[in-house]
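The values are calculated or read from the model by the stated rules, or taken from the named source; none is laboratory data. Predicted model only: the values in this text are computed from it and were never measured. So basically every Cβ, Gly included, is an ideal-geometry build from the backbone, and we count neighbours across all protein chains shown. In case anyone asks, the SASA skips ligands and DNA or RNA and just uses the protein heavy atoms, side chains included. Shrake-Rupley method; radii C 1.70, N 1.55, O 1.52, S 1.80 Å.
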Amino acid sequence: MADSILETFGSSLMASLSPSHPLYLHPWDDPGALLVSEPFNGEGFDKWKRSMLIALSARNKLGFIDGKIEKPSADSSLHDQWVRCNDVVISWILNGLTKDIAQTVIYKQTAKEIWTELEERFGEVNNAKIYQIQKEISTLSQGTLVIAAYYNKAKILWDELSNLDVIPLCTCQGCKCDARASLLKFQQNQKVIQFLIGLNDSYANVRRNILMMSPLPSIEQVYSLLTQEEKERKLKANNQFLTESASLDVISQRQHPHKGKHEARKVIMFCDFCRRHGHTIEKCFKLHGYPSNSKNTRGRKYAANVQAEQEPQKSDFELIVPGLSSEQCGQLIALFNNVQIAKNIEAARFADAGSRDHMVPARMEKSSQELPMELVAEVLARVPVMSLLRFRCVCKA
């Protein structure tokens with residue numbers, strides 16, 4: 001029986017096999033080749049099985065795992081070639097397994113024995129697998145996923161379910177009911193509804209419009225509509241962000257017209273003496289004198305940076321009222337004393353109105369000639385600087 005199957009692909013007397021023969025090995029049929037992207041580690045057997053079947057079918061070697069290409073008799077001219085092909089298929093299967101699983105099947109003699117054992121050990125019952133997939137589909141939702149990621153996740157589950165739960169074919173002779181096409185359309189509508197149920201509420205309007213269509217579009221058309229809507233929302237969001245940023249810039253410029261180079265300077269300093277910005281009266285050079293190391297000091301008053309013992313002694317009033325000399329401070333004190341004496345004399349006249357000569361007692365006049373130094377210092381400290389400077393100018397004049 002085996003000899004008859006092999007003879008259909010070529011004569012045993014041929015010196016070489018044709019490339020279409022299942023026992024033909026191409027130059028790239030390396031025993032060390034890896035046919036799947038990831039070795040099977042005990043999970044996801046259905047996906048790994050599907051990948052291996054595709055790879056073996058592309059190399060025309062499926063017959064070695066399903067038993068269609070049986071081992072020829074020992075006296076056949078194709079016996080040795082079959083053994084070679086069988087060993088190559090075994091190597092491919094072992095390369096697609098992790099080391100732990102490969103060691104459990106490495107002593108099997110044929111590729112069919114290895115394949116059968118893997119199916120019995122890791123192949124799940126269809127009903128349990130269908131239940132698990134259906135449960136995942138029922139709880140599937142978009143969440144934080146974009147439309148593309150959400151669709152890919154649902155598509156994987158639908159394909160797995162279709163592979164397990166195959167639509168039965170009609171066996172009627174000359175059937176005209178077209179039941180298979182109706183079942184396929186029913187499955188498509190179910191996929192559309194399941195996909196729309198899992199969408200976020202932000203797509204409620206789009207979902208409502210799709211459900212109002214009759215008939216319902218395919219799942220591919222629904223995916224296209226939703227991706228277009230998602231792109232339009234991103235464009236609108238970007239335009240709105242740019243508009244709001246421009247508005248905020250305009251408002252900020254209106255509220256802070258001088259904001260720019262001097263943004264870090266929250267308070268603009270102003271000098272009340274020279275009427276200029278950039279410093280206060282406490283650090284005004286025109287009032288206190290320029291530093292000795294400043295340029296162009298000719299004709300300017302500057303403060304010498306000398307030792308403490310070389311600096312002339314200043315009176316208490318000069319320390320309180322900077323810029324006034326001792327002579328000017330003395331004039332101020334005399335002025336305050338004269339004002340005080342005049343007030344005392346006036347008060348004494350009213351007090352001694354019954355007196356005949358209306359004279360002020362000598363003791364009162366004597367005691368009122370001087371004011372306490374602490375009181376005079378306190379008054380001078382509270383007088384505005386500009387008033388004192390005007391007084392200074394008058395005194396010099």
Principal axis dimensions, largest first and in whole angstrom, of the range 63-170 by Cα: 64, 42, 25
Protection proxy ranking, peptides 53-66, 34-47, 201-214, average beta carbon neighbours within 10 Å, highest first: 53-66, 34-47, 201-214
Of 237, 183, 193, farthest towards positive along the dipole that unit charges on Lys, Arg, Asp, Glu beta carbons give the range 127-239: 237
Kirkwood-type radius of the range 82-143, with distances r between different C-alpha atoms, in Å: 14.0
Efficiency of FRET from Cβ geometry, residue 141 and residue 108, R₀ 56 Å, rounded to 0.05: 0.80
Cα pair count fraction exceeding 18 Å, expressed as % - the range 127-239: 57
Listed residue (78, 115, 56) projecting farthest to the positive dipole end of the range 45-123, Cβ model: 56
Built amide H within the under 5 Å cut-off of residue 270, gap 5+: 278, 279
Computed over the range 45-123: relative contact order in percent, which uses C-alpha pairs under 8 Å that are six or more apart: 34
Share of carbon and sulfur in the accessible heavy-atom surface of the range 45-123 [1.4 Å probe, %]: 48
Over the range 127-239, relative contact order from alpha-carbon pairs under 8 Å, at least 6 apart, %: 32
Debye, to nearest 20: dipole size of the range 45-123, +1 on Lys, Arg Cβ, -1 on Asp, Glu Cβ: 300
